[in-house]
Amino acid sequence: MSKIKPAPLPPDTAIGGYRVVRRLSSGGFGVVYLAIDAEGQQVAIKEYLPASLATRAPGELLPKVPPEKLSLYRLGLKSFFEEGRALAQISHASVVSVLNFFRENETVYMVMNYLEGATLQDFIITARDLKTQKVFRESTIRSLFDEVLRGLRIVHQHKMLHLDIKPANIFITDDNRAVMIDFGAAREVLSKEGNFIRPMYTPGFAAPEMYRRDSQMGPWTDIYAVGACIYACMQGFPPNEAPQRQEKDRLSLALNKLRGVYSDNLIEVVEWCMALDPLSRPQSVFALQKELSREGERRYTKLSVAEKMRMQLDTLVSDTKKNVQKVGEATGLGARPK
């Protein structure tokens, strides 16, 4: 039986001098509302409300947190509040603007600019459904991520990490700006400190080190996610998740199929960003920006028919071996005698 999500605040609820209009979205860690400020301007308000730690009945304001989960709830609350305070100091077109943050109803609210447009994920799904050879043109990908990286560089300069970069968290506004939204500091704290069964990350976009409690994260962690987002813009689908890649890495194989469609340079950038070893990735946003701006060195290597056939054969052999192994394990025939 699935756990019931905490109920959102009802329309017309007054919080911190703002009036809630309606719920915009909700996830595992909070609810985002459209609200009106004292001057009648629209804003977005994000409420810290982790579904795994708190409940709230319809019509109520205060979350209910079981005593055994209270310390973890407060830890995430502190991280969420500090994230709001840090983001409020950043002023950049590609980073969501935090206008205010306050405590009320035994939780924290983050007030942000209300953006109109759609997420990069929405655009990828629409473009993918058109079934053209390219999901996005290379020039579009380069200019889009040039904007994202400019914002991310400022974030890193403020000693912050995003920790949840994915197409759903890159918002394309109606005036064609790319804006990073929904930072994941509170999510990261709760995941590391809580005894959760599985990491609370988006498969395909989370770097391998995010799955390990004792690993060090840095700019290279966000850079992995940027590479995965570029991959999704090229393929129309997210890459395999990191644990799966560590068992059998097919990234190069998937990217090789795009040779001749996208430049060798862009394919190499994605491979560099998505290296499983953190030290093998770009160690700073600046290093990645420099490589991504190398427009003059675009080569489009087309694979020969023989190379394409070899790739298909390698995939077929690998899949056959895997299926034989599964059948052997299921029947007991694959077990070695003791």
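Taking each of 46/166; 159/257; 166/257; 257/290; 131/290; 69/248 in turn, the alpha-carbon distance tops 30 angstrom for 159/257; 131/290; 69/248. In terms of other Cβ atoms within 10 Å, 267, 125 run from fewest to most in the order 125, 267.
With each label modelled as a point 7 angstrom along the Cα→C-beta vector, the residue 22-residue 215 pair spans 4.0 nm. Counting neighbouring beta carbons within 10 Å and listing from fewest to most, the residues 272, 220 come out as 272, 220. Which net charge results for the neighbourhood of residue 12, defined as the other residues with beta-carbon distances under 13 angstrom from its beta-carbon, given Lys and Arg at +1 and Asp and Glu at -1? Here the charged neighbours net out to +3. Computed over the range 14-113, relative contact order equals 23 percent, with contacts defined as Cα pairs under 8 Å that lie 6+ residues apart. Counting neighbouring Cβ atoms within 10 Å and putting the fewest first, the residues 264, 174 line up as 174, 264.
The loop-placed trypsin sites (Lys or Arg not before Pro) in the range 112-145, going by DSSP, that have at most 13 neighbouring Cβ atoms within 10 Å of their Cβ come out as 131, 137. With Cα atoms defining each centre, the range 8-37 and the range 221-268 are spaced 37 Å apart in the structure.
What's the center-to-center distance, using Cα atoms, between the range 81-115 and the range 44-80 in Å? After rounding, the separation between the Cα centres reads 17 Å.
Taken together, the values in this text are just the output of simple stated rules run on the coordinates, not laboratory data. Remember, it's a predicted structure, so these values are computed and weren't measured experimentally. Note that each Cβ is placed from the backbone with ideal geometry, even for glycine, and that neighbours are counted across all protein chains shown.
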